[in-house]
Amino acid sequence: MSGDWSIRAGRRDDVEAVLELWRAAESVSTPTDSREALLVLLAHDPEALVVAEAGGALVGSLIVAWDGWRASFHRLAVAPGHRRRGLATELVRRGEERLHSRGAIRLTAVVARDEPAAFTLWEALGYVWQPGHLRFTRDLG
């Protein structure tokens, strides 16, 4: 631990706190920002949600997704009062370790276009933007 936090796998009882963290961190909202969606994620992969705690509160989160072929990061969020201390970097590094141990060889970070500060972080961590790729989505719910 390099800060005043501890990092662990998220649990079902963390879901409301994660949603509140995303609101406090002013993350770009998506249709899957719900208790139900996070519970489905945890039922599918109990270690897909990585959280950081400090002083009994959730102060960071990252979804670390692996489907057996593609590995991706979603929803990296750090509480405003805990930023610029290395927590986001630590969350990503823990996610990378988890994905590598599961067999992933290529990692993708899904970053909202409306979060330019996130671009700087991901680039500093060695991730490269792929200008030749677009992501298409469709909401079913």
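Note on the chain: Kirkwood hydrodynamic radius from all Cα pairs is 15.5 Å, rounded to one decimal. Working note: 222 nm ellipticity from helices only, DSSP H runs with n ≥ 4, each -39,500 (n - 2.57), summed and divided by the residues of the chain, gives -9500 deg cm²/dmol to the nearest 500. Distance between the 7 Å Cα→Cβ label points at THR137 and THR108: 1.3 nm.
Loop-only check: which chymotrypsin sites (Phe, Trp or Tyr not before Pro) in the stretch 32-141 are DSSP coil with at most 13 other Cβ within 10 angstrom? Qualifying residues, ordered by number: TRP69, TRP129, PHE136. In order along the stretch 72-77, the phi-based Karplus estimate (6.51 cos²θ - 1.76 cosθ + 1.60, θ = phi - 60°) of 3J(HN,Hα) comes to 8, 10, 9, 6, 5, 9 Hz; Gly and Pro are listed as x. Applying the Karplus relation 6.51 cos²θ - 1.76 cosθ + 1.60 with θ = phi - 60° to the stretch 126-136 yields 3J(HN,Hα) values of x, 8, 10, 5, 9, x, x, 10, 10, 10, 9 Hz, where x marks Gly and Pro. In the elastic network of the chain, a GNM with C-alpha springs shorter than 10 Å, the most mobile of LEU39, LEU125, LEU58 is LEU125. Of the beta bridges in the chain, as assigned by DSSP with both residues counted there, near 85 percent are antiparallel. The trypsin sites (Lys or Arg not before Pro) of the stretch 18-71 that meet both conditions, a loop assignment by DSSP and at most 14 other Cβ atoms within 10 Å of the site Cβ, are ARG70.
Computed from the coordinates by the stated procedures, all read-outs in this text should not be read as laboratory data. The structure presented is a predicted model; accordingly, all values stated were derived computationally and were not measured. Don't worry about glycine lacking a Cβ; one is built from the backbone with ideal geometry, like all the others, and counts go over all protein chains shown.
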